[in-house]
1. Restricting attention to segment 101-112, and to residues there that are in a loop (DSSP other than H, G, I, E, B) and either under 15 Å from the mean Cα position of the chain (by Cα) or among the aromatic types (F, W, Y) (or both), which single residue is surrounded by the fewest Cβ atoms within 10 Å (Cβ to Cβ)?
2. Anything in segment 119-147 that is part of a loop (DSSP other than H, G, I, E, B) and either under 16 Å from the mean Cα position of the chain (by Cα) or buried (at least 18 other Cβ atoms within 10 Å of the Cβ) (or both)? List them, or say none.
3. Residues that are surrounded by fewer than 14 Cβ atoms within 10 Å (Cβ to Cβ) and modelled with pLDDT of 75 or more: list the strands (runs of 3 or more DSSP E) wholly contained in segment 1-100 that include at least 1 such residues.
4. Sort out which residues of segment 108-120 are farther than 19 Å from V28 by Cα and out of contact with any Asp or Glu (no Cβ under 7 Å at 6 or more places or on another chain), and write them in order of number.
Amino acid sequence: MGLSKIGALVAALAAAGQVAAHGFVSDVIINGVKYKNYDPTSDWYQAPANRPIRFSAGWTAEQEDLGFVAPNAYGTPDIICHRQATPGKGHIRVAAGDVVTLQWNTWPESHKGPVFDHLANCNGPCESVNKNDLRFFKIDGAGLTTAPSTYAGDVLIQNKNQWSVRIPANIAAGNYVLRHEILALHSAAQPTRPSPTPSA
């Protein structure tokens, strides 16, 4: 069983227009051990001039408003993991076949939609990877779970805002970024929606 390092690029793709309506992945849990993730509401201002940013495998991003990436930015690097995102300061060791649980601080019931998980090999340390070089591949996903209106996002809420994904047992050892996405569909009929809101 190979060991991998997961840089927890945890992305929430949501179609929300209200600033306070979203959540973010607050913790990553592996084999019963909880790791704090990057907190976009407060960690961004802990610049090195003031004090060191605490260890986190989660990527930093300019998303303190928990807002979305605008449709005119879909073709920019911001869509990879959020506005001006940079790699996390650390990594978490994960064995192939392990289950990674992503704990959200909250997720609105109105933001129904599918949940996806992707990995990308960093081909070196994820802490210094160029996000434009990442090539993601899907390892998990769920959409409509029970017709007519129960989606994977509803299952996440029912599970106390947690989503678990198994790392493939046959994955090669290496350094990977895990990208976790929720795609909210509540505004999908509007011309500029859904609007991805990556939370790194």
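1. In this case the residue turns out to be T106.
2. The answer is C122, V129, L134, R135, F136.
3. Ranges flagged: 33-36, 92-95.
4. Hits for segment 108-120 are P108, E109, S110, H111, G113, P114.
The values are calculated or read from the model by the stated rules, or taken from the named source; none is laboratory data. Fair warning: this is a prediction, and the values are worked out from it, not measured in the lab. Neighbour counts run over all protein chains shown; Cβ positions are idealised from the backbone, glycine included.
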